[in-house]
Amino acid sequence: MTHRAISLNDARRIALAAQGFDRSRPRSAVGLGHIRRVIRQLGLIQLDFVNNVVPAHYQVLFSRLGPYNRSHLDRLVYSKREFTEQWAHEASIVPMETWPLLRHRMEKHRVRPWGFEKLMEIHREYVTWVLAEVRARGPLTADVLPPPEGASRRIEGSWFGSIPRAVLEAHFGRGLLAVAQRLPNFARTYDLAERVVAEEHHGRRFDGKESQRALLGIAARAHGIGTAADLADYFRMSVGEARPRLAELVAAGELTQVRVEGWREPAYLHRDAKKPARIDAATLLSPFDPLIWFRPRTARLFNFDYRFEIFVPQHKRRWGVYVLPFLLGDRLVARVDLKSDRPGRRLGVLSAFLEPDADARTVAESLARELHTFAGWLGLETVSVGRRGDFARALAAAVRVFR
């Protein structure tokens, strides 16, 4: 079968439009409606609380909307409850109506940290007691619960920290509990899922194939165009699970199979995908932005080799600790390693690198402007540029112009 051919340039613009980069940032104050629209367009936002700069889920919205009140996102999720947390790509914010589509995975949820199931078996009565405590007392944090009798509270070497938290997380992953609130220190407050997720969603049931098909439809709309691996990764599905569901979406007319210039695998084009003549974006991207989180796709679309090196030993890092790509037009043209110096009210650029064939002067001016906008949103007063990287000197000069 001969499939329609699409140029790489067109595929890149289709992908950027699907991710919301085909429209300018709002000129008026960003409100709940803007945030609501972006999350629904993306289908989900991955949660990450690494605070070198700002928790990543807040930056995903900034990249598309510019400066906004971060409490607006919290209000939509934890007060208005139009969205909720659940394991989706990783731990994510999803529209409330997506929650039942994930239920079939909750029923097979692997408890984290890996191997903790054995401890839960040993303390089965405690696991049941924790759920009963939430039912009786309402929303609870891990800190208010004691550990099982005779057991240590701490789980050494795990980011979960404690047995009470790991048990609450297990109930959350299995869909019995939901996140009712986030405290100022980002700690989760858990409540029964039926008290957080509205009955119209909590009561809905889909079989596994229905859910996979719907999730892949969301992924395809958010990609615009993508391979089976691209679409499967969005909700952490295996390619083997995805392929028959993608075939069903093709048969239903939601997707069309196409060929993209330079891609070895066939791709799927969503029926609502837009192909703008140009993209005028100028923004820094979080390492956890859905545009770039699947690194093979990032390489295919942008010829951009991206690795998140925060967990790489310092002597092996090529770019830095918390490196953000810079999107200008429809290209990734530079990368900067950023660090928020909150006591000094300064956004530090620890290193800066320019991509091959990018125009240094144009990129420096646009990136300097965006760094100052970003710093202002973070409540920081200045931007400083270090000496590391082939682009550091040009960027430092451009940053000084905006002081």
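Considering only the stretch 338-358, state which residues are of a type in the set (Asp, Glu), closer than 24 Å to residue 299 by Cα and touching a residue at least 24 places away in the same chain (Cβ under 8 Å). Before the answer, list the steps.
Pass one, the stretch 338-358, residues of a type in the set (Asp, Glu): 341, 355, 357.
Narrowing the set further to residues that are closer than 24 Å to residue 299 by Cα leaves 355, 357.
If the condition is that a residue be of a type in the set (Asp, Glu), closer than 24 Å to residue 299 by Cα and touching a residue at least 24 places away in the same chain (Cβ under 8 Å), then 355 is the only one that fits.
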Checklist entry - Looking at the stretch 320-363, which of its residues are closer than 23 Å to residue 277 by Cα and modelled with pLDDT under 95? => result 357
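Identify the residue in the stretch 217-262 that is charged (D, E, K, R) and either crowded, with 21+ Cβ neighbours inside 10 Å or touching a residue at least 40 places away in the same chain (Cβ under 8 Å) (or both) and, among all such residues, is farthest from residue 107 (Cα to Cα).
Just the residues of the stretch 217-262 that are charged (D, E, K, R), to begin with: 221, 230, 233, 236, 241, 243, 245, 248, 254, 259, 261.
The next check asks that each one be either crowded, with 21+ Cβ neighbours inside 10 Å or touching a residue at least 40 places away in the same chain (Cβ under 8 Å) (or both); those that pass are 221, 230, 233, 236, 245, 259, 261.
Details: 221: 26, 230: 25, 233: 20, 236: 16, 245: 20, 259: 37, 261: 40 Å.
In this case the residue turns out to be 261.
Pick out the one residue from 111, 130, 94 that is in contact (Cβ under 8 Å) with a residue 24 or more places away in the chain and in a helix (DSSP H, G or I). If you could, list the steps in order and put the result at the bottom.
On the way: 111 fails: in a helix (DSSP H, G or I); 94 fails: in a helix (DSSP H, G or I).
Of 111, 130, 94, the one residue that is in contact (Cβ under 8 Å) with a residue 24 or more places away in the chain and in a helix (DSSP H, G or I) is 130.
Looking at the stretch 270-280, is at least one residue part of a strand (DSSP E or B), modelled with pLDDT of 95 or more and in contact with a strand residue (DSSP E or B) (Cβ under 8 Å, 6 or more places away or on another chain)?
Step one: list which residues in the stretch 270-280 are part of a strand (DSSP E or B), which gives 270.
Among the residues that remain, those that are also modelled with pLDDT of 95 or more are: 270.
Right, trim to in contact with a strand residue (DSSP E or B) (Cβ under 8 Å, 6 or more places away or on another chain) and you get 270.
Checked the stretch 270-280: at least one residue is part of a strand (DSSP E or B), modelled with pLDDT of 95 or more and in contact with a strand residue (DSSP E or B) (Cβ under 8 Å, 6 or more places away or on another chain).
Scan the stretch 302-319 for residues that are of a type in the set (D, E, K, R), open to solvent by 70 Å² or more (accessible area, probe 1.4 Å) and more than 30 Å from residue 10 (Cβ to Cβ) and jot them down. Give the derivation first.
Filtering the stretch 302-319 down to residues of a type in the set (D, E, K, R) leaves 305, 307, 309, 316-318.
Retained after the next criterion (residues that are open to solvent by 70 Å² or more (accessible area, probe 1.4 Å)): 305, 307, 316, 318.
Answer for the stretch 302-319, where residues must be of a type in the set (D, E, K, R), open to solvent by 70 Å² or more (accessible area, probe 1.4 Å) and more than 30 Å from residue 10 (Cβ to Cβ): 316, 318.
Out of curiosity, is residue 46 within 13 Å of residue 289 (Cβ to Cβ) and in contact with a His (Cβ under 6 Å, 6 or more places away or on another chain)? Step through it out loud before you land on a result.
Values: within 13 Å of residue 289 (Cβ to Cβ): yes; in contact with a His (Cβ under 6 Å, 6 or more places away or on another chain): yes.
So residue 46 passes the test.
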Next on the checklist: Anything in the stretch 6-29 that is open to solvent by 10 Å² or more (accessible area, probe 1.4 Å), outside any helix (DSSP H, G or I) and of a type in the set (S, T, N, Q)? List them, or say none.
Outcome noted: 7, 24, 28
Checklist outcome for this item: Counting only residues that are within 30 Å of residue 246 (Cβ to Cβ) and either open to solvent by 20 Å² or more (accessible area, probe 1.4 Å) or in a loop (DSSP other than H, G, I, E, B) (or both), the stretch 180-216 contains a total of 15
Next on the checklist: I'd like to know if the stretch 320-332 contains one or more residues that are in contact with a strand residue (DSSP E or B) (Cβ under 6 Å, 6 or more places away or on another chain), open to solvent by 20 Å² or more (accessible area, probe 1.4 Å), part of a strand (DSSP E or B) and under 29 Å from residue 17 (Cα atoms).
Outcome noted: yes
Checklist outcome for this item: Of the residues in the stretch 30-75, those that are over 17 Å from the mean Cα position of the chain (by Cα), in contact (Cβ under 8 Å) with a residue 40 or more places away in the chain and part of a helix (DSSP H, G or I) number 3
Checklist entry - How about the stretch 1-32: which of its residues are of a type in the set (Val, Ile, Thr) and within 17 Å of residue 67 (Cβ to Cβ)? => result 30
Next on the checklist: Report every pair of residues separated by at least 6 positions or lying on different chains whose Cβ atoms are under 6 Å apart, first residue within the stretch 363-392 and of a type in the set (D, E, K, R), second open to solvent by 10 Å² or more (accessible area, probe 1.4 Å) and part of a helix (DSSP H, G or I).
Outcome noted: 365/398
Next on the checklist: Testing residue 3 on (1) modelled with pLDDT of 95 or more; (2) open to solvent by less than 40 Å² (accessible area, probe 1.4 Å), one condition comes back false. Which one is that?
Outcome noted: (1)
Checklist entry - Consider residue 67 against the criteria (1) out of contact with any helix residue (DSSP H, G or I) (no Cβ under 6 Å at 6 or more places or on another chain); (2) more than 23 Å from residue 197 (Cβ to Cβ); (3) open to solvent by 10 Å² or more (accessible area, probe 1.4 Å): it satisfies all of them except one. Which criterion is unmet? => result (1)
Item to check | Checklist (1) farther than 29 Å from residue 346 by Cα; (2) open to solvent by 20 Å² or more (accessible area, probe 1.4 Å) applied to residue 72, failing item | outcome: (1)
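The values are calculated or read from the model by the stated rules, or taken from the named source; none is laboratory data. Since this is a predicted model, take the numbers as computed values, not measurements. Note: ideal-geometry Cβ built from the backbone for every residue, glycine included; neighbour counts use all protein chains shown. To get the accessible areas, we keep the full protein, side chains included, count just its heavy atoms, and leave off ligands, DNA and RNA. Shrake-Rupley method; radii C 1.70, N 1.55, O 1.52, S 1.80 Å.
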